[in-house]
Amino acid sequence: MNTIHITTPSKNYPVFIGENVIDELKTVLENLKPSPKNLLIITDENVGNLYLETVQSVIGDAFTHETIQIQAGDDQKSFENYMACQSFALSKELDRTSVVIALGGGMIGDLAGFVAGTYMRGIRFIQIPTTILAHDSAVGGKTGINHPEGKNMIGVFHQPEAVIYSTDFLTTLPPNEKRSGFAEVIKHALIADENLYRSLRENVKTIDDLKGDSLQKALIQGIEIKNAIVTKDEKEKGIRAYLNFGHTLGHAIEGELQYKDITHGEAVALGMLFALSLSGDTETLGKELKMWLTTLGYPSFPKHLSASSLIKRMKKDKKAEKGMIQMVLLNGFSKPYLSPFTSEELESKLSSFIEEV
């Protein structure tokens, strides 16, 4: 087992990562002060079928717990499910000592964290990630739900008590979910660690190479990169925005596809390629990355999406200021920066990009 200590101005907490570290859950719960009256496990139907019994067996009779399962899919990170979880919590008489347990991928972590962060003005929660993607989303305290006008537009910063990352839960991931999570690992490498990027390029020739010690090492390095940034900027007033590399266009693609037919990471991968195309200094890197992503099975750009519709969504991105779209670009490895574009000039560049990819 490896333990990474996340440090933020509002809270410090551990990330336990390794095989079978789910056993740490009971110890974490027993060490909470005050002791929770009861627990609420929020999961989706797919993850629940696979791992809910395991989590319940670890909890045992030590704590009273309730479970709510929602449908799988990022389109389920909605007002309706947020309200359903709040109503369920009220019906089960959760109080301010209670703890929410987020069992699932990024969608569940964001939704459950938002439920916890707003229930009775905020109660504690624990992240139990079950995807590679969640190595990014489970750490740092961003929680929220989607709005028809944009992804993650409604939420709060709410740090967990702990993240329990049992890597044996990752063995059942389908290839598209592996690609989704790996895109965020690549993102961390590009913005902060050239050596990590080169190592991944050398050792990950197919998506099935993401396993065992090499996968765990990559996840640890990704979490450490995110921790270093979040420690300095918990609430995205500055450098934390660099973690959105590839996300401005990626979120727009997800929204246009109504959060179906493409995973979050696959959309972000396309967003990173576009960002790299915007600077002559990174054009060669972009071509190299595109070849690698194609080899790994990442999807091509959905040609039926129009640049104008995507730009309309990008204008509503949380980083947009005074009508300008703020793009995270690179001056090279480990040198991210924010660059403003008018919607007109970015639409022209995006139209050219769509034609070329």
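The values are calculated or read from the model by the stated rules, or taken from the named source; none is laboratory data. Please read these numbers as outputs of a predicted model, since none were measured by experiment. For neighbour counting, all protein chains shown are included, and Cβ atoms are generated from backbone atoms with ideal geometry for every residue, glycine included.
Quick test of your reading of the structure: Met291 fulfils all but one of (1) among the aliphatic types (A, V, I, L, M); (2) touching a residue at least 24 places away in the same chain (Cβ under 8 Å); (3) outside any strand (DSSP E or B). Name the failing condition by number.
Failing condition for Met291: (2).
Looking only at the stretch 176-226, filter to residues that are β-branched (Val, Ile, Thr) and over 18 Å from Phe333 (Cβ atoms); which one of those is surrounded by the fewest Cβ atoms within 10 Å (Cβ to Cβ)?
So the residue we want is Thr206.
Gly73 fails exactly one of the following numbered conditions: (1) modelled with pLDDT of 95 or more; (2) within 30 Å of Asp213 (Cα to Cα). What is the number of that condition?
Failing condition for Gly73: (1).
Could you grab the pairs with beta carbons closer than 8 Å, sequence gap of 6+ or different chains, first residue in the stretch 1-15 and not assigned by TED's automatic domain parsing to the domain that holds Lys226, second one basic (Lys, Arg)?
none
Would you say Thr97 is surrounded by fewer than 24 Cβ atoms within 10 Å (Cβ to Cβ) and in contact (Cβ under 8 Å) with a residue 60 or more places away in the chain?
Against the criterion (surrounded by fewer than 24 Cβ atoms within 10 Å (Cβ to Cβ) and in contact (Cβ under 8 Å) with a residue 60 or more places away in the chain), Thr97 qualifies.
Kindly indicate whether Ala134 is hydrophobic (A, V, I, L, M, F, W, C), in contact with a Gly (Cβ under 8 Å, 6 or more places away or on another chain) and under 21 Å from Ser180 (Cβ atoms).
The answer is yes for Ala134.
Working only within the stretch 294-344, note down all residues that are among the small types (Gly, Ala, Ser) and part of a strand (DSSP E or B).
Ser339
So, in the stretch 72-100, of the ones that are under 22 Å from the mean Cα position of the chain (by Cα) and in a loop (DSSP other than H, G, I, E, B), which residue ends up nearest to Gly113 (Cα to Cα)?
My answer is Lys77.
Assess whether Thr295 counts as being closer than 22 Å to Ile207 by Cα and not aromatic (Phe, Trp, Tyr).
Considered against the rule, which asks whether it is closer than 22 Å to Ile207 by Cα and not aromatic (Phe, Trp, Tyr), Thr295 comes out as yes.
I'm trying to understand the selection: among the residues of the stretch 314-330, which are farther than 25 Å from Thr294 by Cβ and in contact with a Ser or Thr (Cβ under 9 Å, 6 or more places away or on another chain)?
Passing the criteria: Lys315, Asp317, Lys319, Ala320, Gly323, Met324, Ile325, Gln326.
Give Thr248, Thr206, Thr263 a once-over and let me know the one that is over 26 Å from Met153 (Cα atoms) and hydroxyl-bearing (Ser, Thr, Tyr).
One residue alone meets the criteria, Thr206.
Taking Thr27, is it under 23 Å from Ser180 (Cα atoms) and either touching a residue at least 12 places away in the same chain (Cβ under 8 Å) or assigned by TED's automatic domain parsing to the domain that holds Ile126 (or both)?
no
Can you confirm whether the stretch 329-348 contains a residue that is touching a helix residue (DSSP H, G or I) at 6+ places or on another chain (Cβ under 9 Å), of a type in the set (Ser, Thr, Tyr) and at positive phi?
Scanning the stretch 329-348 turns up at least one residue that is touching a helix residue (DSSP H, G or I) at 6+ places or on another chain (Cβ under 9 Å), of a type in the set (Ser, Thr, Tyr) and at positive phi.
Quick one: would you say Lys260 is within 17 Å of the chain's Cα centre (by Cα), more than 19 Å from Val139 (Cβ to Cβ), at pLDDT below 95 and surrounded by fewer than 24 Cβ atoms within 10 Å (Cβ to Cβ)?
The answer is yes for Lys260.
Which members of the stretch 200-249 meet the condition of being outside any helix (DSSP H, G or I) and closer than 24 Å to Phe169 by Cβ?
Result: Val204, Thr206, Leu210, Lys211.
Checking Leu249 against (1) under 30 Å from Thr7 (Cβ atoms); (2) surrounded by 20 or more Cβ atoms within 10 Å (Cβ to Cβ): exactly one of these is not met. Which one?
Going through the list (1) under 30 Å from Thr7 (Cβ atoms); (2) surrounded by 20 or more Cβ atoms within 10 Å (Cβ to Cβ), Leu249 breaks only (1).
Any residue in the stretch 313-334 that's more than 18 Å from Lys235 (Cα to Cα): show its pairings with residues that are in a loop (DSSP other than H, G, I, E, B) and among the polar types (S, T, N, Q) at Cβ separation under 6 Å, as long as the two are six or more apart or on different chains.
What qualifies is Leu329/Ser279.
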